[in-house]
Amino acid sequence: MAKAIHMMVRVLNEEKSVHFYKTAFDLDIADRFEFDGFTLIYLRNSENDFEVELTINHGRTDPYTHGDGYGHIALAVDDVDAEYERFSAAGLSPTDVKEFHRDGALMAKFFFVQDPDGYKIEVLQKHGRYV
């Protein structure tokens, strides 16, 4: 069986991106590798071993485009309302909390936030299939 191990995003500013992921999701640098022309930074927290890989292409100054295929990554939290308040207080500009209902029952409660490069991240309440 395959195991998900990381997602990768290309970022312009290492400092801003590392700060965002630390502030938003308590992700710390697990590894950092410099290569000719690019740097790879792996972020994770003690909650699990899935990582966010930041790729910084040296000398890049133009923002990356996401095309029309990128959607988002999702992370589950114990208390989405508390996280919304924390994100707001930290100046991370989350969208409003929304709820999806199906057949009269709560299916999902969530908000979105964008990282410094515009990648969308869904923050979901641990509930139902999202635990």
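The values are calculated or read from the model by the stated rules, or taken from the named source; none is laboratory data. All of these numbers come straight from a predicted model, not from anything done at the bench. Quick reminder, even Gly has a Cβ in these numbers, built from the backbone with ideal geometry, and neighbours come from all protein chains shown.
Identify, please: which residue in the stretch 79-131 is over 30 Å from Glu15 (Cβ atoms) and of a type in the set (A, V, I, L, M) and is, among those, surrounded by the fewest Cβ atoms within 10 Å (Cβ to Cβ)?
My answer is Ala105.
Given (1) of a type outside the set (Phe, Trp, Tyr); (2) loosely packed, with under 14 Cβ neighbours inside 10 Å; (3) under 16 Å from the mean Cα position of the chain (by Cα), where does Glu53 come up short, assuming only one miss?
Looking at each condition in turn, Glu53 falls short on (2).
Condition test on Leu75, is it surrounded by 10 or more Cβ atoms within 10 Å (Cβ to Cβ), at pLDDT 95 or above and within 15 Å of Lys22 (Cα to Cα)?
Here the answer is no, as Leu75 does not meet what is asked.
Going through the stretch 75-108 one residue at a time, which ones are of a type in the set (Gly, Ala, Ser) and either farther than 24 Å from Arg129 by Cα or assigned by TED's automatic domain parsing to the domain that holds Tyr21 (or both)?
Step one: of the stretch 75-108, the residues of a type in the set (Gly, Ala, Ser) are 76, 82, 88-91, 93, 104-105, 108.
The answer is Ser88, Ala89, Ala90, Gly91, Ser93.
Does the stretch 10-22 hold any residues that are out of contact with any helix residue (DSSP H, G or I) (no Cβ under 8 Å at 6 or more places or on another chain) and over 12 Å from Asn45 (Cα atoms), and which are they? Write out each step before concluding.
Of all residues in the stretch 10-22, those out of contact with any helix residue (DSSP H, G or I) (no Cβ under 8 Å at 6 or more places or on another chain) come to 10, 12-22.
Scanning the stretch 10-22 gives Arg10, Leu12, Asn13, Glu14, Glu15, Lys16, Ser17, Val18, His19, Phe20.
Specify the residue that is modelled with the highest pLDDT; the eligible residues are those in the stretch 1-29 that are surrounded by fewer than 14 Cβ atoms within 10 Å (Cβ to Cβ) and small (Gly, Ala, Ser).
Looking at the filtered set, the residue picked out is Ala4.
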